[in-house]
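Here the structure comes first, spelled out in structure tokens, and everything after it is commentary.
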Amino acid sequence: MSKIKDSLISTWFKQVLTLISPKLNTRLIYLTKFKRPINLKAPQTLDEKIQWLKFNTYYKNPLVTQCADKYAVRQYVEQCGCGEILNDLYGVYDHVEEIPWETLPNQFVIKWNFGCGQNLIVFDKLKLDVEEAKRKLNKWYKIRNTFYLEYSEMQYKGIPPKLICEKLIETESGDVPVDYKVYCFNAVTDCVLVCRKRGQMSHGAEYYFFDKDWNLKRYNKRGKEAPQDFTLPKPDGIEKVFDYAAKLSKPFPFVRADFYLEKGKVTFGELTFTPCGGFDVDRLPETQILFGSMVKIS
């Protein structure tokens, strides 16, 4: 069984297996990715504890489901007294046919409220192929009832699909903004994963961990391989990002709070309960143990 390659386990197979037994699907994927059985009785690593939380705390948890919903989470952010960091909303739609393309501004982002990576980023509406955009959005819509099945991410089950049209966050470079993903352990904000160069085909996305004092933490493969003196410019307002993450993460043993930060202005992105589905092989083994020790579960 340990020789089974993840590439041989089709998405369809994993979806069907989740319908039969989400735990069995989780055990199989964990085995293929980490080459060892998962320990759900006494979890030690972060991903083991994420899977434990998925089945024991987050499944059928109304607050978790609300916060996994990229539209409904806005109400939660408001209730936490953080409404000022919500991105400007141009519209919310049930179907692609409802989008008023002609009245939207020249730049905007449209995304479904379930899943991940289903973002239509428009830098110039005059260059947009509307019919192609509709086809792409409708293609993403078709997986609304099955997205959660591949990695048994039960918190996404039952989210009513909504299309959200938001303001495009402008950057000096004109590229997609840098993403700041704060790791929160029982409301303690330990570090931030900086995601840069997304959407740049020539380079690919880069991920680096930094602590609150903006020291590089060699928690993942890229960080481990970085030169001894490597760093990134400390962004203005990063302290506010950690503060907001602490407020929003209070009810949860673990959550990753994602933000954008441009010219000192913090903009909320989303709350992520199962990063990489809870199967992040990019983290170093020692990081998995360190992070796992920070998550307190009963």
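Numerical summary
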item	result
Output for region 43-72, where each listed residue is part of a loop (DSSP other than H, G, I, E, B), under 28 Å from Y219 (Cβ atoms) and either of a type in the set (A, V, I, L, M) or in contact with a strand residue (DSSP E or B) (Cβ under 6 Å, 6 or more places away or on another chain) (or both)	K70
Some residue of region 36-48 being aliphatic (A, V, I, L, M), within 22 Å of the chain's Cα centre (by Cα) and open to solvent by 20 Å² or more (accessible area, probe 1.4 Å)	no
Among (1) open to solvent by less than 80 Å² (accessible area, probe 1.4 Å); (2) farther than 21 Å from G115 by Cα; (3) of a type in the set (D, E, K, R); (4) touching a strand residue (DSSP E or B) at 6+ places or on another chain (Cβ under 6 Å) - the single one E262 does not satisfy	(4)
Residue selected from region 265-285 under the condition within 23 Å of L31 (Cα to Cα) and of a type in the set (A, V, I, L, M), by the criterion least open to solvent (accessible area, probe 1.4 Å)	L284
Residues within region 73-106 that are closer than 22 Å to K139 by Cα, in contact (Cβ under 8 Å) with a residue 40 or more places away in the chain, not in a helix (DSSP H, G or I) and not hydroxyl-bearing (S, T, Y), tallied	6
Any hit, region 119-137, residues being under 22 Å from C67 (Cβ atoms) and surrounded by fewer than 19 Cβ atoms within 10 Å (Cβ to Cβ)	yes
Options E170, E239; residue that is out of contact with any helix residue (DSSP H, G or I) (no Cβ under 8 Å at 6 or more places or on another chain), open to solvent by 70 Å² or more (accessible area, probe 1.4 Å), assigned to a loop (DSSP other than H, G, I, E, B) and on the phi < 0 side of the Ramachandran plot	E170
Pairs where the first residue, in region 204-227, is farther than 17 Å from E286 by Cα and the second is open to solvent by 80 Å² or more (accessible area, probe 1.4 Å) and part of a helix (DSSP H, G or I), C-beta under 6 Å, 6+ apart	Y207/R222
Given (1) open to solvent by less than 20 Å² (accessible area, probe 1.4 Å); (2) charged (D, E, K, R); (3) out of contact with any helix residue (DSSP H, G or I) (no Cβ under 6 Å at 6 or more places or on another chain), number of the condition K23 does not satisfy	(1)
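For every residue, the table says whether it meets (1) open to solvent by less than 40 Å² (accessible area, probe 1.4 Å); (2) more than 20 Å from the chain's Cα centre (by Cα); (3) farther than 30 Å from Y58 by Cα; (4) modelled with pLDDT under 95.
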{"position": "V77", "(1), (2), (3), (4)": "yes, no, no, no"}
{"position": "C82", "(1), (2), (3), (4)": "yes, no, no, no"}
{"position": "G91", "(1), (2), (3), (4)": "yes, yes, no, no"}
{"position": "P105", "(1), (2), (3), (4)": "no, yes, yes, no"}
{"position": "K111", "(1), (2), (3), (4)": "yes, no, no, no"}
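The values are calculated or read from the model by the stated rules, or taken from the named source; none is laboratory data. This one's a predicted model, so the numbers in the text were calculated from it and none came from an experiment. All Cβ positions, even for glycine, are placed from backbone atoms using ideal geometry, and neighbour counts span all protein chains on display. Remember, those area values only see protein heavy atoms, side chains included, never the ligands or the DNA or RNA. Shrake-Rupley method; radii C 1.70, N 1.55, O 1.52, S 1.80 Å.
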